[in-house]
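Attaching a single structure in structure tokens format; questions to follow.
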Amino acid sequence: MAWIALLLLFSAQGGKILEYHLGYNFGKIFIDYSNSNNYGINGFEFDVDDKDTKPTDRGAYFDGSSYITAPPNQRVKSGIALNSDLSILMWVRATYNQDMYLTYRKSCDGNQYFYLKRTSNDSKLKFLIKQNNRNSKEEYTSDYTFPISTFYIGTWIFWALKIESNKKFSVYKNSSFLKDVSFDDTYLESGTTSHYIGYTSTSFKGYILTYIVFNDSTENLSIYAPASGTNSCYAETCSLPCTSVYYESNVKFCITDEENPSENGKGNACPTGCTSGCTAAYSSNTCLVCTYFTGSCAFHSSLVYVKSDTSEGIISCSETQYLSNSICNTCDSDCAICESSSTCLVCKADNAYANNSGDCECITGYTSTISPLTTKNACQSSTGTVTCSSQCSACTTSNYCTTCTATNAIAVSGICECIDGYYASPNPPVSINDCKICSTGCKTCSKAIECQTCVANNAIAVSGVCKCKDGYYASPNPPVSISDCKACSTGCKTCEKAIECQTCVANNAIAVSGVCGCINGFYSLIIPPVSINDCKNCNTGCQTCTNAIECQTCVANNAIVTSGVCKCKDGYYSLISPPVGANDCILCNSGCKICTVADKCDTCVAKNTVIRSGVCECMDGYYSVINPPVDVNDCQSCYDGCKTCEEKNICLSCIVNNSEPDLFQGCKCSDGFYSNSIPLTSSSICLECNSECKTCENGISCLTCKTENTEVNLQGLCSCKENFYLSVINNVEECLPCNTTCKTCENSTSCLTCKTANAVPNLNDNACSCPRGYINTTECIKSYFGFSLDVSDGNIITIMFQETLDNDLNTSYVEITHKNTVNVKFVFENSSKNEYNFSTQAIDTIPEGYNIKVNINEENLRSKDGNFFDYKSKSTNLHYMNAIYVSSKTTEAIVNSTKTMTKMFISSSIVSGIVSNPSFAWILINTLQIITYLPLNSISYTKSLTDFFASLNSMSFIPNPFNYIFENSNNYQPYLEARRYGIDTSYFLVNTGPLFANFIFFITLIPIIYLASKIPFGNLALKFSNLLLNYRYSFFLRFWMQSYLDMGLMALIQLRSEKNNTEGLINTGFACVAAILVVLTPPILIVSGYINYLSRSERNHEEFNKKWGSLFAEFKNNKGWFSTQFYTVFCLRRLFYLLSQIYLNSYSYIQNSVNLSSSLIQIAFMVYYLPYKENEIMISTLIGEFCTLEVMVISYFFIPNLGNSKKNTCENLIIYSILATMGIQSCISLISMYKSVKKLCKIIEKARALKFLKHHFSRKKIHPYDNKLENTNSMPNNILTSELKTPQFTNQNLD
């Protein structure tokens, strides 16, 4: 039965500071069975019931909002002081699946707390500790470690919480370790700390049977037992057997699984009207009611404050009574509630309190005329009645204090004294702050730093400081709380920890690794020694011993214990027996096993030895590495055949005749002798060699030769060595030296093979020399060349060899590898003799700095100098590149039809120019010239856009004759951008062939025009004569102006490329001439413009116009000399353009900025001077220039590799802008043609009218008009001269 558990059962356990037994103790107060007076309060306070737990015969029932308040509480004002090592044990059964706290301890400021909590998620136990405002990691046990189930065996769980000074927080279930967590600092509490079973919010729902707190972290399992043996039932009924067993007073209990708190442990309903639980422990089902207001009830107990009867059934005393010896006794007359007759808890009088002595007194400001205070109004206001002394805040007489002025002071027999932990200054204290706090750990003190007594048990004040007494250690140090002085291990006088002694109680003892033991020469029958005389003397010569006559170790070095007595070990002797001093055992000579004096051995340590002159030596046939031999096996046998030896295989003398020691192993036959058994053994025989041999392997075959400069050949005979040849003079054979560079030779002047590796015989000087590709140092060493890598902004990978290759590199041997995190391809583009270019095709976007590795695996690659290729790999990084962009089908269709549209626009402009003004055609061609060559720069245009630009240059109607002159196999490829544009060769004449073909075509027209000028048909002869005259100058000037850009670009492409053959040199010569003309054209134009400007009013101006008029005739030239320099600006703009396109490919932004600046200068010139005479031509030119400017501005957006959507926008914008510009310029030329045709029609009509009038008036004698007319021809003549002027053909028209 549960009442067998007596109240003092656990009071003797070390470190226990709180113990609640909720299975038989109940009421408003819970008794602390650890005798530490840490009483618990049911709920929050005495007069609040809604937070109270419900008593049952199997523990307190918590309904989810109820809890128990451990100190500090209404009953015990001071809190529980916990150490850095602590443990909490509890028996628990959960009845509801929700998140709920089992126990919670926290400081008032919230900086420290720890708790155990059940989680509804998978029925886990959660635990957490917070120290110094730093949370540890929350930890959970595994799933379903905290189950709930009605009638579920094992749902009663024994939980243990441990906090250790090594900063660990551990949780155990049924004595088995579950989980732990480490935290940052040692757990140290400060300030006021609240402690709850359950919690004020989200409390536990279920039963708690027992709750115990220890001030240490040792494993306390006193209320848990394994499920074995015979078990009883707690609360009368249970399920047997059970897995979790409650252990109390040497009895094992299984706890009932009954869940309903309104039923007893047997499952019977509680009596009608019973609001608490009930028990079946008595003859009837008894309701557990404890009516005592501040009391505690139990089934059976003899402790004070426990209100119960000794017989069956429970009684309770009234509020003015207390229970003593099972009798309700009356409290003192002034008590409303008391613990004993003289100890009040609550007073009857208002404005009164129970002092520390349990007597009732009026509070400050109130006095009473009656004593004791037996009535409700006994305490009345004391204003003006009694004047208390300065130390009193309340008094009965002026010098008898009931309360004190000073904080932390109490009245003792009417005199104010400071409470423990404080001292009075002055004494007695008279002001509020006169009680000053003592140093931490002081119970009483005379000054702040001078303790008189200490809080800690087993501590004393030394020089005003608290220290633990001998046999105890402080944790923490100095000791500050009652249990801070902890006992040392047995035998320790002083220690730092319980198991780490510093000094010992026993004389002649020391602490080693924290444990006391006797010093050398002493022994103790008690281990460790605990008394002052436990360490006793050992026998003479003993360093350590088990008793007075049996040594364990010896004082003397090199001594051993034999039958409990010390003796010198082998190799040592002593003049004193037994040896008693540290140096009494003296070393014998090396190798001696036994000796009587140091220098004379009696026996040897080693086997196979002899003693000679008192010294140990190995016998014949044996050797020792150490002399004399000192170890038992030091004399090792020699190799078979050795008489004496110094090592196993190295003989000093031999057994066999005509033999000698071999340098490597055993013995060998002497020079001139051989043996069939090698190496020799003791039974071998040495036979004589052939007479030629110095050494031999048999009677015929030599191993070495006697004659100088000879060696053994493959037949085993002797012949001349390398670098020697056989000379026979006077039948005397001898080996003479070859040339010093020869390995073998016929004679002293003719080498056959060479000594130096890779060298070859030189027929010129009969010596050896290094071949081509080798360097002659001390030997012929291959000379190597390597390569370097360069990556352009557009990720063109250039392999640059350090020397020009002798043969072309097979690009299949070039391997470009990468991490394969990006889908990318590398395509061979072009090469020179020392540069090979590979383009990068980005299937996926390439990030900046993407690493690639280039391997060239062709071993036999040679340079023109014959040097060998060092085929190593190199790494480099690619630049950012967007994935390959694919244009829309609409864009591709436009690009594919661009050539046709371009020819259509240009043809229409040419036709219009023939009828009106050829400048319209030149303007359109000039616009397209600039735009079509934009892909020669390093900007990453899309493929469709590049094809579109290239297709604008499609006006060649005549086959290129130079394609038939130069062989394609000899052509050199141009640089990369030119080749991408579509230029297949760097040959200048091939690339400018269409220009020269057109030039030759127009030259062939001269005879035709000449013949046409002789035809007597109207004005045609005059027109063709003027046209023929213009061929002398205007045609050539116009041809050069229109081909200026093409000629310059093709010349620079040729000059930038290789020209190592005859065809290349021829093309380079023509390119140089063209380049010089391109550079000289702008200064020539400046001079001619200046001459034109000066000669406008002179007679020779007409002669100047015949030669240079085509450069000035179409312009106004009306704003000074600079307004005449249109073609100078025109050519300079193109010169800068072609230079940037060829030489600035590594600087995309600078390149495009140069082109853009040139366009802006051209536009500024056009806008400022408005140079053209005809407005249509002016408008068409400006439209073309602004289109070019727009294209260059948009080109900036292709440099940083746009995304696909932006590329599509820019691509379409450029294409549509160029097509629109061509269309507008063609329309302007057609409009001009229309105007010219219309004007021509008017002229023809008027000419016909004039002819009619002339004919009419020539037949009349009388003029039909005014009589003032002098003749009939006057009116038509005026009409002819003033209105019907025939068109005059100028250089402009002819152009």
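The values are calculated or read from the model by the stated rules, or taken from the named source; none is laboratory data. Please read all numbers here as calculations on a predicted model, not as lab measurements. Quick reminder, even Gly has a Cβ in these numbers, built from the backbone with ideal geometry, and neighbours come from all protein chains shown. SASA here: full protein model, heavy atoms, side chains in, ligands and nucleic acids out. Shrake-Rupley method; radii C 1.70, N 1.55, O 1.52, S 1.80 Å.
Compare Ser489, Ser390 by solvent-accessible area with a 1.4 Å probe and give them largest first, with all protein chains kept in place. Walk me through the intermediate numbers first.
Details: Ser489 40, Ser390 80 Å².
Result of the area sort, largest leading: Ser390, Ser489.
Here's a follow-up. With a 1.4 Å probe and all protein chains kept in place, how do Glu19, Glu746 rank by accessible area, largest first? Let's see the in-between values first.
Numbers: Glu19 0, Glu746 115 Å².
Output order, biggest surface exposure first: Glu746, Glu19.
Considering only protein heavy atoms, what is the solvent-accessible area of Leu575 at a probe of 1.4 Å, reported in Å² to the nearest 10?
The accessible area of Leu575 comes to roughly 150 Å².
Please give the FRET efficiency for Lys168 paired with Cys108, using the beta carbon to beta carbon distance and R0 = 30 Å, rounded to the nearest 0.05. Intermediate values should be presented prior to the final figure.
Numbers: r = 26 Å, r/R0 = 0.86.
Efficiency for this residue pair is about 0.70.
Describe numerically, in nm with one decimal, the distance between label points set 7 Å from Cα along Cα→Cβ at Tyr880 and at Asn713.
7.8
A further question follows. Considering only protein heavy atoms, with the full assembly of protein chains and a 1.4 angstrom probe, order Thr444, Thr387 by accessible area, largest first. Working shown, then result.
On the way: Thr444 40, Thr387 115 Å².
Output order, biggest surface exposure first: Thr387, Thr444.
Using DSSP to call loops (not H, G, I, E or B), can you name the GluC sites (Glu not before Pro) in segment 657-735 whose Cβ has at most 10 other Cβ atoms within 10 angstrom? If you can, show how the numbers build up before the last one.
Numbers: sites: Glu688, Glu692, Glu697, Glu708, Glu711, Glu722, Glu733, Glu734; in loops: Glu692, Glu697, Glu708, Glu722.
The qualifying sites are Glu708.
For segment 589-723, with only Lys/Arg (+1) and Asp/Glu (-1) charged at the beta-carbon, what is the dipole magnitude about the Cα centre, in debye rounded to 20? Please list the in-between numbers first.
Numbers: 10 positive and 18 negative charges, 66 e Å.
Using only the charged Cβ atoms, the result is roughly 320 debye.
Among residues other than Ile526 whose Cβ falls under 14 Å from its Cβ, what is the net charge (Lys/Arg +1, Asp/Glu -1)?
Working: positive: Lys536; negative: Asp534.
It works out to a net charge of 0.
Can you tell me the length gained on complete extension of the stretch Leu763 to Asn329, counting 0.36 nm per residue apart and subtracting the Cα distance? Working shown, then result.
Numbers: separation 434, 0.36 × 434 = 156.24 nm, distance 14.31 nm.
Gain in length upon complete extension: 141.9 nm.
Compute the label zone of Gln452 within segment 405-437: residues whose backbone N is under 12 Å from the point 7 Å along Cα-to-Cβ.
Correct set: 417-425, 427-428.
Something else now. Which aspartates and glutamates have a Cα less than 12 Å from the Cα of Lys348, not counting those fewer than 8 places away in the same chain?
Correct list for Lys348: Glu319, Asp332, Asp334, Asp359, Glu361.
For segment 577-629, take N as its residue count and report Rg(C-alpha) divided by 2.2 N^0.38 Å.
Details: Rg = 12.8 Å, N = 53, 2.2 N^0.38 = 9.9 Å.
Normalised Cα radius of gyration, segment 577-629: 1.29.
Which residues does the label zone of Asn520 cover in segment 555-598, counting backbone N under 13 Å from a point 7 Å along Cα→Cβ?
555-559, 580-584
Now for a separate question. Give the residues of segment 753-769 whose amide nitrogen is closer than 14 Å to a point set 7 Å from the Cα of Thr778 in the direction of its Cβ.
The answer is 756-757, whose backbone nitrogens lie closer than 14 Å to the label point.
Which lysines, on any chain, are close to Lys1116 with Cα under 20 Å apart, when same-chain ones fewer than 8 places away are left out?
Within the straight-line cut-off, Lys1116 pairs with Lys1106, Lys1107, Lys1173.
Give the lysines whose C-alpha is closer than 20 Å to that of Lys864, dropping any in the same chain fewer than 8 places away, or say none.
Within the straight-line cut-off, Lys864 pairs with Lys782, Lys833, Lys872, Lys1059.
Heavy-atom accessible area of His1255 with all protein chains present, probe 1.4 Å, nearest 10 Å²?
Roughly 110 Å² of His1255 is accessible to a 1.4 Å probe.
Could I ask something else about it? If r is the Cβ-Cβ distance from Ser190 to Ser513 and R0 is 51 Å, what FRET efficiency results, to the nearest 0.05? Each step should come with its number before you reach the end.
Numbers: r = 35 Å, r/R0 = 0.68.
Once the sixth-power term is evaluated, E becomes 0.90.
Another question, then. Among the trypsin sites (Lys or Arg not before Pro) in segment 1105-1206, which ones are in a DSSP loop with at most 12 other Cβ atoms within 10 Å of the Cβ? Mind listing them? Spell out each step's value before the answer.
Numbers: sites: Lys1106, Lys1107, Lys1116, Lys1119, Arg1133, Arg1134, Lys1173, Lys1206; in loops: Lys1116, Lys1119, Lys1173.
Taking segment 1105-1206 and a limit of 12 other Cβ atoms within 10 Å, the loop trypsin sites (Lys or Arg not before Pro) found are Lys1119.
Something else about it: In segment 446-530, how many lysine pairs have Cα atoms under 20 Å apart, counting only pairs 8 or more places apart or on different chains? Spell out each step's value before the answer.
Values: Lys447/Lys467; Lys467/Lys486; Lys467/Lys493; Lys467/Lys497; Lys469/Lys486; Lys469/Lys493; Lys469/Lys497; Lys486/Lys497.
Step by step, the pairs that qualify in segment 446-530 add up to 8.
Then there is this: Indicate the gyration tensor shape class of segment 11-75 (rounded, prolate or oblate), computed on the Cα atoms with a ≥ b ≥ c the square roots of the eigenvalues: a/c under 1.5 is rounded; otherwise a/b larger than b/c is prolate and the rest oblate. Intermediate values should be presented prior to the final figure.
Details: a/c = 2.42, a/b = 1.47, b/c = 1.64.
Oblate, because a/c is 1.5 or more while a/b does not exceed b/c.
How far, in nm, would the chain grow between Thr753 and Lys819 when pulled straight, counting 0.36 nm per residue and subtracting the alpha carbon separation? Walk me through the numbers before you get to the answer.
Values: separation 66, 0.36 × 66 = 23.76 nm, distance 5.01 nm.
Result: 18.7 nm gained on full extension.
How much accessible surface area, in Å² rounded to 10, belongs to the heavy atoms of Trp1121 with a 1.4 Å probe?
In the full protein context, Trp1121 sits at about 80 Å².
Multiplying the sequence separation of Thr704 and Phe1036 by 0.36 nm and subtracting their Cα-Cα distance, what value in nm do you get?
Numbers: separation 332, 0.36 × 332 = 119.52 nm, distance 9.47 nm.
Fully extending the segment from Thr704 to Phe1036 adds 110.0 nm.
Pop a pseudo-label 7 angstrom from the Cα along the beta-carbon direction at both Lys436 and Val632 and give the gap in nm to one decimal.
If labels sit at Lys436 and Val632, their model points lie 8.1 nm apart.
Now for a separate question. Could you tell me what fraction of 2.2 N^0.38 Å the Cα radius of gyration of segment 619-712 comes to, as a two-decimal ratio?
On the way: Rg = 15.8 Å, N = 94, 2.2 N^0.38 = 12.4 Å.
Cα-based Rg divided by the globular estimate yields 1.28.
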